[in-house]
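Here is the structure we will look at, set down as structure tokens.
The values are calculated or read from the model by the stated rules, or taken from the named source; none is laboratory data. If you're wondering where the values come from, they're calculated on a predicted model, not measured in any experiment. FYI the Cβ positions are ideal-geometry reconstructions off the backbone, even for glycines, and counts take in every protein chain you see.
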């Protein structure tokens, strides 16, 4: 069953809606549940979490990956628990991804399953490995048949597999993409959403503003990550001491005439159209 609804907000911001700024709070909708393990040397020293070079927490000596084991706390003691052991437990046959069900697309769009942000590209494996690897026509055809059948049925395959000591659930799409999904107990229950009385003319005005910004499917803007470049520019400016502080002005909600601002937003959208 789902996890309990969050008891407090994890952040807040304002949504710019035409000339309106709508203050909102955000709550965590999911939580990742994993088997928590700690890293140790085979000699019994706890290991730090440096990215490339593992360092012993007690002495700071370099530790090679071959010396490291992962241990799980059973409550009565620590036990070695390797990635491949967890992977083997995650499926019926070790190394084989189980298709739990074939599910119509509508179920995915209805929010029955929540994507966890991970996307893989699945392709038929080659014969052999390294430079000697060759295409596998039989495997390619079998995989193509599976994708074609899913497309014809307007469905996806719900899959469970183990990878790197983590159990994944995912949707295999007819495109060959594998979209990671949260398990049911990783999705939190909804925070109460109060019902607000709205008049038909108020909804109609808000719809006009939304419609003015609506795009067709083939015109949808790309989602681009500009943050890295902005950070580089900001950091280069900051080191010279030339960064100017931004000051935000807040208007109390009681002083805002929402309908007037909505009407002004719609009028402005018409002019710019």
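Some values worked out for this structure:
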quantity: Some residue of region 11-30 being at pLDDT below 80, closer than 30 Å to residue 114 by Cα, surrounded by 10 or more Cβ atoms within 10 Å (Cβ to Cβ) and touching a strand residue (DSSP E or B) at 6+ places or on another chain (Cβ under 6 Å); calculated: yes
quantity: Within region 201-253, tally of residues that are closer than 19 Å to residue 265 by Cα, at pLDDT 70 or above and part of a helix (DSSP H, G or I); calculated: 13
quantity: Restricting region 66-90 to residues that are in a loop (DSSP other than H, G, I, E, B) and surrounded by 12 or more Cβ atoms within 10 Å (Cβ to Cβ), the residue that is modelled with the lowest pLDDT; calculated: 82
quantity: Filter result for residue 175 (in contact with a helix residue (DSSP H, G or I) (Cβ under 8 Å, 6 or more places away or on another chain), at negative phi and not assigned by TED's automatic domain parsing to the domain that holds residue 66); calculated: yes
quantity: Enumeration of residues in region 1-10 that are at pLDDT below 80 and out of contact with any strand residue (DSSP E or B) (no Cβ under 8 Å at 6 or more places or on another chain); calculated: 1
quantity: Yes/no for residue 174 being more than 23 Å from residue 86 (Cα to Cα) and surrounded by fewer than 18 Cβ atoms within 10 Å (Cβ to Cβ); calculated: no
quantity: Counted residues, region 168-188 - those being out of contact with any strand residue (DSSP E or B) (no Cβ under 7 Å at 6 or more places or on another chain) and either more than 23 Å from residue 107 (Cβ to Cβ) or touching a residue at least 60 places away in the same chain (Cβ under 8 Å) (or both); calculated: 1
quantity: Meets criteria (over 24 Å from the mean Cα position of the chain (by Cα), in a loop (DSSP other than H, G, I, E, B) and in the same structural domain as residue 181 (by TED's automatic domain parsing)) for residue 148; calculated: no
quantity: Of all residues in region 119-167 being on the phi > 0 side of the Ramachandran plot and without any contact (Cβ under 8 Å) to a residue 12 or more places away in the chain, the one that is surrounded by the most Cβ atoms within 10 Å (Cβ to Cβ); calculated: 128
